[in-house]
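Heads up: the structure comes next, in structure tokens.
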Amino acid sequence: MTFMARTTSRPPEDLAEKIIDIDVSEEMRGSFLEYAYSVIYQRALPDARDGMKPVQRRILYQMNEMGLRPDRGHVKCARVVGDVMGRLHPHGDSAIYDALVRLSQSFAMRVPLVDGHGNFGSLGGDDAPAAMRYTEARMARPTQLLVEGIDENVVDFQPNYDGQETEPEVLPAAFPNLLVNGSSGIAVGMATNMAPHNLGEVIAAARHLVLHPDATLEELMEFVPGPDLPTGGTIVGLDGVRDAYARGRGSFKTRATVSIEKVSARRTGLVVTELPYNVGPEKVISRIKELVQAKKLQGISDLKDLTDRNQGLRLVVELKNGFNPEAVLEELYRLTAMEESFGINNVALVDGRPRTLGLRELLQVYADHRLDVVRRRSEHRREKRRERLHLVDGLMVALLDIDRVISLIREADDTAGAREALKGAYDLSEVQARYILDTPLRRLTRFDRLELETERDKLNKEIEELTSILESDKKLRRVVAKELNAVTKEYATPRRTQLRENDGQARSAAIPLEMADQPCHVLMGTDGTIGRSKGATLPSAYEGIRTKHDSVATSLPTTSRSEIGLVTDLGRLIRLPVVELPEVPDSAEEEPPLASGLPVEEFVQLEEDERVVSVVGVHTDGPGFVLGTRGGVVKRVAPDQPPNKDDFEVIALKDEDRVVGATQLSTGEEDLAFITSEAQLLRFSASAVRPQGRPAGGVAGIRLTEDARVLWFGSVPSPQDSVVVTVSGSSQTLDGTDGGSAKVTPFESYPSKGRATGGVRCHRYLKGEDTLLFGWIGRTPERASRADGKPVRLPDPNDRRDGSGEAMRSLVTSAGSGQTDSGIVSVENPPS
């Protein structure tokens, strides 16, 4: 298809012959190719030698020309952008400033090339950088290596956009910037996306290739095992990395760095300290909230962003109890940006043409460039030293015959005549003669002659060294390798990104999201510490030094996803999920069973004068549980707890009565026992107490005198293995200064009596004693402690059930069993 320009009037004679026919398709093809080449070469793709796009190269070159070195002060970014735009870059200021900002971002560049002062944005673009009039910048220390020696004719220069100035075609680049900092860009018909790497690893590979030109890709990959991203994280799956190193294209997955920690007394959390490359915390936070609200992600109770400038990134994902942290983490990897794919596409310009390069090709292009830079630099330096040596030789000739030189100059009519006279008399060149005439007389002393001789010798030696470098390829390569090694020593940093083969997916996917409903035991200590065992097997007896955590008051068999009931002294039962309780060690050989437990107050809201006395099961069948009060009332609670209530009364207490003990029944035939302040002990069968509903107030358990009260109530599941601990003293000295007297008696020494009777005598007072201060029944080995939790050693067992006790130095206020399968125990501390 062709067309001709049409006009409404006849064109002038001198223009008629310039109207031509144009093929539209050819014109479009040619124009588009010119545009595509301009975008590829002038904007989007980096040069494989220095790793720079034109705008980046112009920024760093102009900053070097402005003297914005690291030892100088910062200047406004607007000034840098203005100079770059006015002298070198014929595009908008926003494009220049965006490139300047990226060069300064430590989370985008593995080795930042601009030292920025101010707000230069945040990870993932969540926070935009401040305007260029507010921010300041200067060259970073490693940037000096990229422009070092640029004035020594090491690279070619080209005219700028208007031909009035020149700019470098490429920077000298003393380290492989393209591999170290990576690059990304979209051109016409092609794109590049290169991952950052560790400076020390890349330079080690480049040095190896420089010294061993025949090195294989496998040898180079021993130095560069994979990318090293600025934000750290973990690379999962190295097959794609190997493909990229071999063919220039590949992909890998990056994962956030997450640790499983205790984020509060009751909660476990996932703590995120590193995110995938180019992923910001706001993106992750908003995505997690969206998934939780849509109920597509379970097990998360709270999400906190604790990031600050001191500790860096820190996202805390608090988990609900009963969920496996590993399984929740895998869901986060699957559903959020905490795991991202990175596609490597190593497209860069080589001799002005875009090429897809593997690791070896990238290093080879850089090595060839660096060898050329050092060669040209050596030639330039040798030429400069030869020129200087030529001048020194001429001046030495003049100094040897200084009187005649001065005479020739004085006899000459003008400068030109003097110059010609010197040239004729001493066979000097034009440059040497002019230099002699320009030298002041003060330099023509004997001392200056010695300096010139020293300088001449030094110049000859340097010229010889430079010539040897230029004439020997081996020496040239050693120089390049030595300079690369110096860069490593100065600027190399440890690897941030961990590398992992893709071998954990199947195992992680097999972890259930929620914890299985497995058998366990809930343990409660005499000091109110509570926890659960990891399995159906109870921890073994603790035989070490006794502490306030080693006495177990309650051991309740249950399952990890069921509920238990906490019975308080006000007659309330509070439901509590077992899964919320902390796990205690499997073995108590080295530490007490409840050393890792938590105070029960961490889990329930209690009144000011209320306390938990025991733990029972919450069942709708079975024999239920039984409780006793300070006033001697016993009640067997029928298993009819309301399923829709988490807090309800289980006994109607009269007057100021309080619950002192509760115990779960397994058969309904267990022995129950009361111990009173009058040193009476009553033992009877649980079958003697009929079950009652929750509103009932119970029945008479033990008959009390007017001033007596119940100190202890509970069940005794193993009478033959249990003992009775009683402590007597004076009712006038209850502050702990008087330890009273303690006695340990086998429980089998006490006969069974009927319910609602007074029981039998269990302790005889010593002189000055008039009351029983403390009582407890449980399995051996018995453990006792003072009010401050310190252990108290009890006397040896005494078979006389009505005998007196042994004097104690400290008052016992609580006791429990060293065996974790002890019966339910409740202790009422004596009033102060």
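The values are calculated or read from the model by the stated rules, or taken from the named source; none is laboratory data. Bear in mind that the values here come from a model prediction, so they are computed numbers and not experimental data. Cβ sites come from the backbone with ideal geometry, for glycine too, and all protein chains shown count toward neighbours.
Given the conditions (1) among the aliphatic types (A, V, I, L, M); (2) farther than 30 Å from Leu391 by Cβ; (3) at pLDDT below 95, report the number of the one that Val480 does not fulfil.
(3)
For Tyr542, state whether it is at pLDDT 70 or above and of a type in the set (Phe, Trp, Tyr).
On the way: at pLDDT 70 or above: no; of a type in the set (Phe, Trp, Tyr): yes.
Considered against the rule, which asks whether it is at pLDDT 70 or above and of a type in the set (Phe, Trp, Tyr), Tyr542 comes out as no.
If the Cβ limit is 8 Å and pairs must be 6+ apart or interchain, which residue in region 117-129 that is closer than 13 Å to Ser106 by Cα pairs with which residue that is part of a helix (DSSP H, G or I)?
Phe120/Val101; Phe120/Ser104; Gly121/Val101; Leu123/Pro281; Gly124/Pro281; Gly124/Glu282; Gly124/Lys283
Please name all residue pairs, on different chains or six or more residues apart, with Cβ atoms under 6 Å, provided the first residue is in region 305-320 and is over 16 Å from Arg287 (Cβ atoms) and the second residue is assigned to a loop (DSSP other than H, G, I, E, B) and charged (D, E, K, R).
If the second residue must be assigned to a loop (DSSP other than H, G, I, E, B) and charged (D, E, K, R), the pairs left are Leu306/Arg314; Thr307/Arg314; Glu318/Arg267.
Right, Ala173: part of a loop (DSSP other than H, G, I, E, B) and touching a helix residue (DSSP H, G or I) at 6+ places or on another chain (Cβ under 9 Å) or not? If you could, list the steps in order and put the result at the bottom.
Values: part of a loop (DSSP other than H, G, I, E, B): yes; touching a helix residue (DSSP H, G or I) at 6+ places or on another chain (Cβ under 9 Å): yes.
Judged against the criteria, Ala173 is a match.
Given the conditions (1) at pLDDT 85 or above; (2) surrounded by fewer than 16 Cβ atoms within 10 Å (Cβ to Cβ); (3) within 29 Å of the chain's Cα centre (by Cα), which single one is not true for Leu499?
Failed condition: (2).
Residues that are within 30 Å of Gly299 (Cβ to Cβ): list the helices (runs of 4 or more DSSP H) wholly contained in region 311-414 that include at least 1 such residues. Let's see the steps before the verdict.
On the way: elements: 325-335, 359-400, 402-411.
The helices (runs of 4 or more DSSP H) meeting that bar are 325-335.
Test of understanding: among Asp239, Asp243, Asp228, which residue is under 19 Å from Glu501 (Cα atoms), among the acidic types (Asp, Glu) and buried (at least 20 other Cβ atoms within 10 Å of the Cβ)?
Values: Asp239 fails: buried (at least 20 other Cβ atoms within 10 Å of the Cβ); Asp243 fails: buried (at least 20 other Cβ atoms within 10 Å of the Cβ).
Going through Asp239, Asp243, Asp228 in turn, just one is under 19 Å from Glu501 (Cα atoms), among the acidic types (Asp, Glu) and buried (at least 20 other Cβ atoms within 10 Å of the Cβ): Asp228.
On the basis of being modelled with pLDDT under 95, surrounded by fewer than 16 Cβ atoms within 10 Å (Cβ to Cβ), at negative phi and of a type in the set (A, V, I, L, M, F, W, C), does Ala265 make the cut? Steps first, please.
Details: modelled with pLDDT under 95: yes; surrounded by fewer than 16 Cβ atoms within 10 Å (Cβ to Cβ): yes; at negative phi: yes; of a type in the set (A, V, I, L, M, F, W, C): yes.
So Ala265 passes the test.
Can you work out which of the residues in region 365-398 that are within 30 Å of Asn346 (Cβ to Cβ) and surrounded by 19 or more Cβ atoms within 10 Å (Cβ to Cβ) is nearest to the chain's Cα centre (by Cα)? So that I can check it myself, show each step before the final result.
We begin by selecting, within region 365-398, every residue within 30 Å of Asn346 (Cβ to Cβ); these are 365-377.
Still in the running and surrounded by 19 or more Cβ atoms within 10 Å (Cβ to Cβ): 365-367, 369-370, 373-374, 377.
On the way: Val365: 36, Tyr366: 34, Ala367: 36, His369: 39, Arg370: 37, Val373: 41, Val374: 42, Arg377: 45 Å.
Top of the filtered list is Tyr366.
Looking at Val567, Val618, Val584, Val613, which is the one that is of a type in the set (Val, Ile, Thr), modelled with pLDDT of 70 or more, assigned by TED's automatic domain parsing to the domain that holds Arg694 and under 36 Å from the mean Cα position of the chain (by Cα)?
Working: Val567 fails: under 36 Å from the mean Cα position of the chain (by Cα); Val618 fails: under 36 Å from the mean Cα position of the chain (by Cα); Val613 fails: under 36 Å from the mean Cα position of the chain (by Cα).
Among Val567, Val618, Val584, Val613, only Val584 is of a type in the set (Val, Ile, Thr), modelled with pLDDT of 70 or more, assigned by TED's automatic domain parsing to the domain that holds Arg694 and under 36 Å from the mean Cα position of the chain (by Cα).
Go through region 236-292 and give me each residue that's under 22 Å from Ser184 (Cα atoms), basic (Lys, Arg) and not in a helix (DSSP H, G or I).
Arg249, Lys253, Arg255
Please state which of the following conditions Lys295 fails to meet, knowing it meets all the rest: (1) surrounded by fewer than 19 Cβ atoms within 10 Å (Cβ to Cβ); (2) within 23 Å of Arg500 (Cα to Cα); (3) among the basic types (Lys, Arg).
The single condition Lys295 does not satisfy is (2).
Considering only residues of region 275-292 that are out of contact with any helix residue (DSSP H, G or I) (no Cβ under 6 Å at 6 or more places or on another chain) and touching a residue at least 60 places away in the same chain (Cβ under 8 Å), which is surrounded by the most Cβ atoms within 10 Å (Cβ to Cβ)?
Leu275
Any idea how many residues of region 667-687 are part of a loop (DSSP other than H, G, I, E, B) and within 18 Å of Val637 (Cα to Cα)? I'd like the intermediate steps shown before the answer.
Let us first name the residues in region 667-687 that are part of a loop (DSSP other than H, G, I, E, B), namely 667-670, 677-679.
Subsequent filtering for residues that are within 18 Å of Val637 (Cα to Cα) retains 667-670.
The number of residues fulfilling the criteria is 4.
Which residues, taken from region 133-170, are in a strand (DSSP E or B) and out of contact with any Gly (no Cβ under 8 Å at 6 or more places or on another chain)?
Initial filter on region 133-170 (in a strand (DSSP E or B)): 136-139, 157-159, 166-168.
Listed by number, the residues that qualify are Met139, Phe157, Gln158, Pro159, Thr166, Glu167, Pro168.
Could you count how many residues in region 688-712 are in contact with a Lys or Arg (Cβ under 9 Å, 6 or more places away or on another chain) and either of a type in the set (Val, Ile, Thr) or not in a loop (DSSP other than H, G, I, E, B) (or both)? Before you say what the answer is, go through the steps one by one.
Of all residues in region 688-712, those in contact with a Lys or Arg (Cβ under 9 Å, 6 or more places away or on another chain) come to 688-692, 696-702, 709-711.
Now narrow it down to the ones that are either of a type in the set (Val, Ile, Thr) or not in a loop (DSSP other than H, G, I, E, B) (or both): 688-689, 691-692, 699-700, 702, 710-711.
Adding up the residues that qualify gives 9.
Scan region 176-193 for residues that are assigned to a strand (DSSP E or B) and either in contact (Cβ under 8 Å) with a residue 40 or more places away in the chain or in the same structural domain as Arg381 (by TED's automatic domain parsing) (or both) and report the count.
Pass one, region 176-193, residues assigned to a strand (DSSP E or B): 183-186, 191-193.
From what is left, the residues that are either in contact (Cβ under 8 Å) with a residue 40 or more places away in the chain or in the same structural domain as Arg381 (by TED's automatic domain parsing) (or both) are 183, 185-186, 191-193.
Residues in region 176-193 being assigned to a strand (DSSP E or B) and either in contact (Cβ under 8 Å) with a residue 40 or more places away in the chain or in the same structural domain as Arg381 (by TED's automatic domain parsing) (or both): 6 in total.
Identify the residue in region 635-654 that is in a loop (DSSP other than H, G, I, E, B) and β-branched (Val, Ile, Thr) and, among all such residues, is farthest from Ala696 (Cα to Cα).
Taking region 635-654 as the starting set, the residues that turn out to be in a loop (DSSP other than H, G, I, E, B) are 638-646, 650-654.
The next check asks that each one be β-branched (Val, Ile, Thr); those that pass are 650-651.
Details: Val650: 8, Ile651: 6 Å.
Only one residue fits best here, namely Val650.
Can you tell me which residue in region 758-785 is nearest to Thr663 (Cα to Cα), limited to those that are touching a Pro at 6+ places or on another chain (Cβ under 8 Å) and at pLDDT 90 or above? Reasoning before the result, please.
Let us first name the residues in region 758-785 that are touching a Pro at 6+ places or on another chain (Cβ under 8 Å), namely 760, 773-774, 783-785.
Those still in the list that are at pLDDT 90 or above too: 760, 773-774.
Working: Val760: 22, Leu773: 22, Phe774: 19 Å.
Ranking the qualifying residues of region 758-785, first place goes to Phe774.
Looking only at region 775-811, which residues are of a type in the set (Asp, Glu) and either surrounded by fewer than 21 Cβ atoms within 10 Å (Cβ to Cβ) or farther than 24 Å from Leu682 by Cα (or both)? So that I can check it myself, show each step before the final result.
Keep residues of region 775-811 that are of a type in the set (Asp, Glu), which gives 782, 788, 796, 799, 802, 806.
Correct list: Asp788, Asp796, Asp799, Asp802, Glu806.
Mind checking whether some residue in region 663-672 is at positive phi, out of contact with any Phe, Trp or Tyr (no Cβ under 6 Å at 6 or more places or on another chain) and in the same structural domain as Val612 (by TED's automatic domain parsing)? Working first, answer last.
From region 663-672, those at positive phi are 668; that's our starting set.
Narrowing the set further to residues that are out of contact with any Phe, Trp or Tyr (no Cβ under 6 Å at 6 or more places or on another chain) leaves 668.
So of that shortlist, the ones also in the same structural domain as Val612 (by TED's automatic domain parsing) come out as 668.
Yes - at least one qualifying residue is present in region 663-672.
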